[in-house]
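J.: This structure is in C-alpha cells; I'll ask about it shortly.
The values are calculated or read from the model by the stated rules, or taken from the named source; none is laboratory data. What you see is a predicted model; the values in this text were computed from it and never measured. Please note: Cβ atoms are built from the backbone with ideal geometry, for glycine as well, and neighbour counts cover all protein chains shown.
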Amino acid sequence: MDMVSAINDRSSTRCFTDAAVPREVIERLLESACKAPSASNQQPWNFIVVGGHHRDRLVQALMSAQQSRGKHYDPSRGKTMPAAYVERSKKLIKSLRSHLEAINVPAVSFLEEGSCSLYGAPVLILVAMEKSHMPFQLIDIGCAVENVCLAAHAGGLGTCIIGMILMFGDVIREQLALPEDLEAVVGVALGYPDRTSAINQFRAPKEEPVSLTRWIGFD
Ligand SMILES: Cc1cc2nc3c(=O)[nH]c(=O)nc-3n(C[C@H](O)[C@H](O)[C@H](O)COP(=O)(O)O)c2cc1C
C-alpha cells in the first residue's frame, strides 16, 4: 500500500476480532512511531502496551468507572469553543448514530462503552508524556500516534485512537502503575478489524480543504 492510499483509506476501527496481535508486530509499529518528527528531536513519547489479562482488568475498571459516571459524551459540555467545532462533533455523532441504527446496533452509550472496552481490541497502546514537557509537545505525540495508525492500517490491522478513557486518568494510573511524573495523553486500541462487521463500514464526515484554507499569494 502506498503512503497516500494508507492516509486516505485509514478510518477508525470500532469492531475488532479477538485474534491476538503478535508482540513482534506491535514492536514494528512502535518502530514506526519512533520515526515520527518531534520538537528538538526530544521524542517525548512513552508507550505502555497492555494486553492479556492486564487489558481485561483495565477494561473492567474503565467500564465500571463509566457506568458510575453514567453521563453521555457531549463534546460541548462546559466548553466555550467556536460553534463550528461543536457542530462537527455533533455531525459525527449524528451520522454514527444513524449508521448504527441502520445496522441495528444500539447507539446509546456506543462511544462511551465502546471506548472503555476498546471496542473489543486485544491491545491498548497507551501513550504517555512527562508532566514537565511543554503542551506543544503533544503535537509530537500526535505525530507518533498517527504513524502507529497508518503503519497498522498498511499492515492489515485496525486502530481507534481513544481519548475518552482519559476521563478516568486515576483508574489508568492505578491499573497500569503509571509513575507520577508521567501523564497519560491518549490510547490506541489495536487489533484486527472484524471485516464482517458493518460497524467498520462507517466513515466519518470530513470537511473539504476549501472550507478550511485561506490562500495568500496564489491565484
Ligand atoms: C485525540 C483523539 C481522541 C479520540 N478519542 C476517541 C474515543 O475516545 N473514542 C472513539 O470512538 N474515537 C475516538 N477518536 C477517533 C475519532 O472519533 C475519529 O478519528 C474521527 O471521528 C474521524 O474518524 P476516522 O478516524 O475514521 O477518520 C479519537 C481521535 C483522536 C485524534
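J.: Having 2 or more residues that are touching a Leu at 6+ places or on another chain (Cβ under 7 Å) is the bar; report the helices (runs of 4 or more DSSP H) wholly within segment 17-132 that clear it.
T.: 52-69, 110-116
J.: How do the pairs read when you match residues in segment 1-19 that are over 17 Å from Cys116 (Cβ atoms) with residues anywhere that are aromatic (Phe, Trp, Tyr) and surrounded by 11 or more Cβ atoms within 10 Å (Cβ to Cβ), using Cβ under 7 Å and keeping only pairs 6 or more apart or on different chains?
T.: Partner pairs satisfying both residue conditions: Thr17/Tyr192; Ala19/Tyr192.
J.: Turning to a different aspect of this structure: Within segment 20-33, which residues are more than 16 Å from the ligand (Cβ to nearest atom) and touching a residue at least 12 places away in the same chain (Cβ under 8 Å)?
T.: Once the filter is applied, which keeps residues that are more than 16 Å from the ligand (Cβ to nearest atom) and touching a residue at least 12 places away in the same chain (Cβ under 8 Å), segment 20-33 yields Ala20, Val21, Val25, Ile26, Arg28, Leu29, Leu30, Ser32.
J.: Confirm whether Gly163 is within 12 Å of the ligand (Cβ to nearest atom), under 28 Å from Ser40 (Cβ atoms), buried (at least 17 other Cβ atoms within 10 Å of the Cβ) and of a type outside the set (Lys, Arg).
T.: No, not satisfied.
Yes/no per residue for (1) without any contact (Cβ under 8 Å) to a residue 12 or more places away in the chain; (2) aliphatic (A, V, I, L, M):
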site: Leu62; (1), (2): no, yes
site: Ala65; (1), (2): no, yes
site: Arg69; (1), (2): no, no
site: Thr80; (1), (2): yes, no
site: Arg88; (1), (2): no, no
site: Ser95; (1), (2): no, no
site: Tyr119; (1), (2): no, no
site: Glu130; (1), (2): no, no
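J.: I'm told Arg195 meets every condition in (1) free of Cβ contacts under 8 Å to residues at least 40 places away in the same chain; (2) closer than 21 Å to Ala151 by Cβ; (3) loosely packed, with under 12 Cβ neighbours inside 10 Å except one. Can you identify the failing condition by its number?
T.: (3)
J.: How many residues are over 17 Å from Gly187 (Cα atoms) and either among the β-branched types (Val, Ile, Thr) or modelled with pLDDT under 95 (or both) when one looks only at segment 21-35?
T.: Final tally of qualifying residues: 1.
J.: So in segment 62-93, with the set limited to residues that are at pLDDT 95 or above and more than 18 Å from the chain's Cα centre (by Cα), which one is farthest from the ligand (Cβ to nearest atom)?
T.: It comes out as Ser64.
J.: Checking Lys206 against (1) within 15 Å of the ligand (Cβ to nearest atom); (2) at pLDDT 95 or above; (3) in contact with a Lys or Arg (Cβ under 9 Å, 6 or more places away or on another chain), which test does it fail?
T.: Lys206 satisfies every listed condition except (3).
J.: Within segment 108-115, is even one residue more than 14 Å from the chain's Cα centre (by Cα) and within 19 Å of Ser11 (Cα to Cα)?
T.: yes
J.: Let me ask something additional. Out of Gly156, Gly169, Gly142, Gly120, which single residue is modelled with pLDDT of 95 or more, within 15 Å of the ligand (Cβ to nearest atom), surrounded by fewer than 22 Cβ atoms within 10 Å (Cβ to Cβ) and on the phi > 0 side of the Ramachandran plot?
T.: Answer to the selection: Gly120.
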